[in-house]
Amino acid sequence: MKILVTGGAGYIGSHTVLALIEAGHEPIVVDNFCNSSEKSLKAVSRLAGKDVPCYRVDIRDREGLEKVFAEHTFDACIHFAGLKCVPESTRLPLKYYENNLAGSLTLFGVMAEHHCKNIIFSSSATVYGDPAIIPITEACPKGVTTNAYGETKSMLERILTDIQKADPEWNVVLLRYFNPIGAHRSGEIGEQPNGIPNNLMPYVTQVAVGKRECLSVYGNDYDTHDGTGVRDYIHVCDLADGHVKALSAIQKGCGTVVYNLGTGTGYSVLDVVKAFEKATGVSVPYAVRERRAGDIATCYSDPTKAERELGWKAKYNLEDMCRDAWRWQKNHPNGFDD
Ligand code: NAD
Ligand code: UD1
């Protein structure tokens, strides 16, 4: 299939573009590079042995998108483009609503106009809020979001659902990611956080490589096996594969469908530190600090719907994720600038 990949130069997008090419699809990337480097797509091209066509276009730019659609007939769109920094979204909500909502609305409008009505959307487990059921199935009701970033995900899910309800020619796959970490086994593509990382694994790898002194563990008094927060970490390559598999739902004419993409296993912050040290032989000094506002104790998925309906299941374990995250960090201490 010929697939428009918005945000395809980013962390998850670049791994998915590679997986799409490997599965025989033809991805075309649109990115404004506000949080990524063109070098990620060059690395993908090297790994795939094939050029990745890319347009430097902002999804809020209708004319720019029109030009891309005039040059290609897309079978589907995988929509990653968006801002994702939770604390920034609390400080600058307008920036997030503008970029993520206005950008997506412009994209959906141009897609409809060009009769491209198949979309896979990057949603997040954040839409469950403090989840009513653990492990979280797709039947778990959406919860209250605690920040503007999460609210854009929840609203975009609703907007796409309404678009599909009004026009059944649309097929909408809402993928709720749990906690993507790791990198491609080559160590040539990975996550390049801007400034001080907010998320656990990039912080761990930056401590391990000597860029930061000590990991802050945000709270050890949660109701979990060791008191630290429990999450469902998923290897980014498994996540990428989930997108390739989700295309089969579109081909079958799925209407609107939601899938959790997680492993189904929850690990605590200290489990991650231990697994990282075991997988890499590098120690990670840490200190326990106050809880981080907005954090919940436990969040992990029941991923069986994706297995049953898409034939998708995560293959990599936590040590694989740590080993691959470390290979990328070690080879590229300054991301794509090395
Ligand atoms: P990323 O920042 O690495 O990738 C996003 C890409 O979108 C970047 O290349 C950025 O330059 C591009 N972009 C942003 N705004 C744009 C715009 N207006 N026009 C064109 N391009 C634009 O993030 P990621 O981790 O790869 O996440 C991809 C998607 O998955 C995002 O929508 C994110 O919210 C969602 N998601 C990520 C996580 C995670 O933990 N990484 C979890 C759940 C959901
Ligand atoms: C966060 C976001 C979520 C977003 C996801 C992926 C918040 C409240 N939630 O999820 O909306 O979809 O990232 O981008 O920001 N931790 C530490 N020390 C650190 C960093 C994290 O102890 O330096 C702990 C956290 O308290 C948590 C766990 O590690 O228990 C995972 O944190 P993180 O990687 O930020 O992911 P989430 O909070 O699950």
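The values are calculated or read from the model by the stated rules, or taken from the named source; none is laboratory data. None of the values given here were measured: they were computed from a predicted structure. Because the Cβ atoms are built from the backbone with ideal geometry, glycine has one as well, and the counts that use them run over all protein chains shown. Keep in mind that these areas ignore ligands, DNA and RNA; they rest on the heavy atoms of the full protein, side chains included. Shrake-Rupley method; radii C 1.70, N 1.55, O 1.52, S 1.80 Å.
Odds and ends about this structure:
- Gly190 vs. criteria closer than 21 Å to Ser37 by Cβ, away from ligand 2 (no atom under 13 Å from the Cβ) and open to solvent by less than 10 Å² (accessible area, probe 1.4 Å): yes
- Scanning segment 111-147 for residues that are among the aliphatic types (A, V, I, L, M) and within 16 Å of ligand 1 (Cβ to nearest atom), we see that the one that is surrounded by the most Cβ atoms within 10 Å (Cβ to Cβ) is Ile120.
- For Gln164, the conditions (1) crowded, with 17+ Cβ neighbours inside 10 Å; (2) over 26 Å from Ala240 (Cβ atoms) are fulfilled apart from (2).
- For Tyr267, the conditions (1) over 30 Å from Val144 (Cβ atoms); (2) in contact with a strand residue (DSSP E or B) (Cβ under 7 Å, 6 or more places away or on another chain) are fulfilled apart from (1).
- Pair list, Cβ under 6 Å, 6 or more apart: segment 143-172 residue more than 21 Å from Ile250 (Cα to Cα) and in contact (Cβ under 8 Å) with a residue 60 or more places away in the chain, other residue of a type in the set (A, V, I, L, M, F, W, C) and open to solvent by 50 Å² or more (accessible area, probe 1.4 Å): Asn147/Val86; Tyr149/Val86
- Taking helices (runs of 4 or more DSSP H) as the structural unit, those lying wholly within segment 7-77 and holding at least 2 residues that are crowded, with 23+ Cβ neighbours inside 10 Å and touching a residue at least 40 places away in the same chain (Cβ under 8 Å) correspond to 11-22, 38-48.
- In segment 197-206, the residues that are near ligand 2 (Cβ under 9 Å from one of its atoms) and β-branched (Val, Ile, Thr): Val204
- Residue check: Glu169 meets all listed conditions (1) modelled with pLDDT of 95 or more; (2) open to solvent by 60 Å² or more (accessible area, probe 1.4 Å); (3) farther than 25 Å from Phe74 by Cα but one, namely (3).
- Near pairs, Cβ below 8 angstrom, 6+ apart or cross-chain, from segment 126-137 (under 20 Å from Lys84 (Cα atoms)) to any residue that is open to solvent by less than 70 Å² (accessible area, probe 1.4 Å) and among the charged types (D, E, K, R): Thr126/Lys153; Val127/Lys153; Val127/Glu157; Val127/Arg176; Tyr128/Arg176
- Extreme residue, most open to solvent (accessible area, probe 1.4 Å), among residues of segment 172-187 that are outside any loop (DSSP other than H, G, I, E, B) and over 27 Å from Ser45 (Cβ atoms): Asn179
- Only one of the listed residues (Leu94, Leu107) is closer than 22 Å to His25 by Cβ, in a helix (DSSP H, G or I) and not polar (S, T, N, Q). That residue is Leu107.
- Arg46, sole failed condition from (1) within 16 Å of ligand 2 (Cβ to nearest atom); (2) out of contact with any helix residue (DSSP H, G or I) (no Cβ under 9 Å at 6 or more places or on another chain); (3) not small (Gly, Ala, Ser): (1)
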